[in-house]
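The values are calculated or read from the model by the stated rules, or taken from the named source; none is laboratory data. As the structure is a computational prediction, the values presented were derived from the model and not from experiment. Note: ideal-geometry Cβ built from the backbone for every residue, glycine included; neighbour counts use all protein chains shown.
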Amino acid sequence: MRSPLRLYGRDDELATLENLLTLLRRGDGGALVLAAPPGLGRTALLRAAAEIHRDRGPVLWATAVSSERAVPHSGLRALLGSDVVGSGAASDAGVAPGALPPDVAPRALAGRLREFADGGPLLVCVDDAHAWDAASRAALAVAARGPGAGSRIAFLLSAADGTAFAGLPTLHLAPLDEGAASALLDRLTDGTEGLDPVVRAELLREAGGNPRLLAGISGRLTPDQLAGRTPLPWPLPGGEAVLAAHAERLDDFPDRTRTLLLLAAAAQEHEPEGAGADALLLLRAGTRAGLPRAFLDRALFDGTGAGDLLQRAGSRVHLAHRLTARAVLHHAPWTRRRAAHELLATLLAESGARGGADDAPARDLPGFPDAPEARTARTTTAPPALPLAALVQRACAASGPD
């Protein structure tokens, strides 16, 4: 498959898609989920595969609409038409429309897909499939598990992560590496009179390998700013859409999860890049904020309880993606952001009065065994404690929205 100009650094992913389409053309259907946070190019890869396949057979395309997520079977209607799960399917089952048994939608979907294929290789593409209503997602998952040898249907789905379609083959997209991101930036700024090296480095650092974010930021800067003749604005504009897409997922979590994510994002905001936040500090902050201890144990030490957004490495807790931390802070009301910073500052002040946060009884916490090796590793490899002055300054400065 020839890579479109816009898909820098995705040769391996395109080769995987080409293999799926080659098998489909030979009569062996299958399924693949492209899983990635917003902005990494899952939609672009989906479109690339669809364009290639149009010369070989029919393509069925649907994009999920998050506002219809609460409407049963809205996803299937968008893909196949309103009559697919309407009165016909309902009457056949002997029930009223809108109250379909769980097995009706999968049967209706499978039947209509066979009609669309009409003996030829059919590619079914669903973008943002995780945002479909639950009934449509379930039907899609059942249908996507069916193709195999002798099938003429392949499913290509994009999703924010692989959890919505567990069990299906999943390709996780990583951020662009430095070379690919730099090449993309060259293309985005083509025609600009010289890109200042310092500006280039700042744009690449801020985008973090996210092509959509890189395009958004570079597109909002003036030629003088790109050339380094005038200062860059701060914060850099152009990332609002990507941050909003990241923040949209937060609405699916309960309030206690959003509170913990906010505390984690606020704590690591003042740490060195990639250092994360201290797990014990977050445990104390969550407890002081009234979060249940059992929930904190699961989220901070077992890696379950906050979706896949929190990851633990030793005594540190990291938000899964750099943009997730920014989205959490961007999404939270300024009053909650300020309260989070003030809480962290208060806890650090209390720890300082007692001789430091490291005095906490780590042996009593899950995942922190009372062994010399564990204590030694923690004291020698953990980054320094959060700077109290920076947290207090941040809390006092957070007087309104970004």
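Being within 14 Å of Ala289 (Cα to Cα) and crowded, with 19+ Cβ neighbours inside 10 Å is the filter here, so list the residues in region 240-265 that pass it. Within region 240-265, Thr257, Thr259, Leu260, Leu261, Leu262, Leu263, Ala264 qualify. Across region 313-334, the number of residues qualifying as without any contact (Cβ under 8 Å) to a residue 40 or more places away in the chain and surrounded by 23 or more Cβ atoms within 10 Å (Cβ to Cβ) comes to 0. Here is the figure for region 283-318: residues that are among the hydrophobic types (A, V, I, L, M, F, W, C), farther than 24 Å from Ala164 by Cβ and in a loop (DSSP other than H, G, I, E, B) total 2.
Condition first: in contact with a strand residue (DSSP E or B) (Cβ under 6 Å, 6 or more places away or on another chain), at pLDDT 90 or above and not in a loop (DSSP other than H, G, I, E, B). Can you find one or more residues in region 136-143 that meet it? Step through it out loud before you land on a result.
Taking region 136-143 and keeping what is in contact with a strand residue (DSSP E or B) (Cβ under 6 Å, 6 or more places away or on another chain), we get none.
No, the conditions are met nowhere in region 136-143.
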